[in-house]
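Visitor: Before we start, here is the structure in question, set down as structure tokens.
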Amino acid sequence: MQRAIALGLLIFSVVATEPAYAGEVFGGLYAHDVKTPLDKSGIEGGADVQLGYRGGRIGHTPLQPYVFGALNTAGNTSYAAVGLSAKFGRSIYIRPGVGLAIHTGSAEKFQGPTDDKIDFGSRILFEPELGIGTRINDRLSIEASWVHMSHAQLFGRQNPGIDNFGVRLNLRL
């Protein structure tokens, strides 16, 4: 896990932000493993406490690199992710993103929802996300956010995945 975090930080430093905008820190609270039509899960409990950093825009694109970690309060699957997001809109906005995540859950092939753990089938997962938010003032915004993790059926037909829904506060530096 330390190697993956180090790799994520290295990738993040390579896509360094513009000096005029230092980025933002964000934190939030998420409902963990919410059952949706996109997954075969919904078996783990607890909440996820998320903390991360989002860099400034890359060049003249809307793309922003991000890195975050999410710790599960019930001792279930925790994870760290690195990726790119884009923000569209000013006072009310949408923020899609896509990245890679490493997790502490089971990397075994999917066995079934009866063993009270998610068998992800891989240690590294795709991490698409979507946020819808509003700006509170020049430095502060709040957003509702969905974070999904799965292997996209690359490691087998079974792909339980996980969906987390929450709210995060963003503080521009």
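Values quoted throughout were computed directly from the atomic coordinates according to the rules given, and no laboratory measurement underlies them. Predicted model, so just to flag it, every value in this text is computed and none were measured. In this analysis, Cβ positions are derived from the backbone assuming ideal geometry, glycine residues included, and neighbour counts consider all displayed protein chains.
Visitor: Using a Förster radius of 30 Å, what is the FRET efficiency between residue 123 and residue 25 based on their Cβ-Cβ separation? Nearest 0.05, please.
Guide: Details: r = 27 Å, r/R0 = 0.89.
Approximately 0.65, to the nearest 0.05.
Visitor: Hey, another quick one. Order the peptides 45-51, 118-124, 64-70 from the highest to the lowest mean number of other Cβ atoms within 10 Å of their residues. Before the final figure, lay out the partial values.
Guide: Details: 45-51: 17.6, 118-124: 20.3, 64-70: 22.1.
Result, highest mean first: 64-70, 118-124, 45-51.
Visitor: Can you return the lysines within cross-link range of residue 87? Criterion is Cα-Cα under 28 Å, with same-chain partners fewer than 8 residues away left out.
Guide: Filter leaves 35.
Visitor: Moving on. Please compute the length gained on full extension between residue 130 and residue 171, using 0.36 nm multiplied by the number of residues separating them and subtracting their Cα-Cα distance.
Guide: Working: separation 41, 0.36 × 41 = 14.76 nm, distance 1.80 nm.
The span from residue 130 to residue 171 would gain 13.0 nm if fully extended.
Visitor: Give a quick list of trypsin sites (Lys or Arg not before Pro) in the range 47-93 that DSSP marks as loop, anything other than H, G, I, E or B, with at most 12 other Cβ atoms within 10 Å.
Guide: Loop-located and lightly packed - 90.
Visitor: Related question: Aspartates and glutamates within cross-link reach of residue 117: Cα-Cα under 20 Å, excluding same-chain residues under 8 positions apart?
Guide: 33, 39, 44, 48, 108, 127, 163
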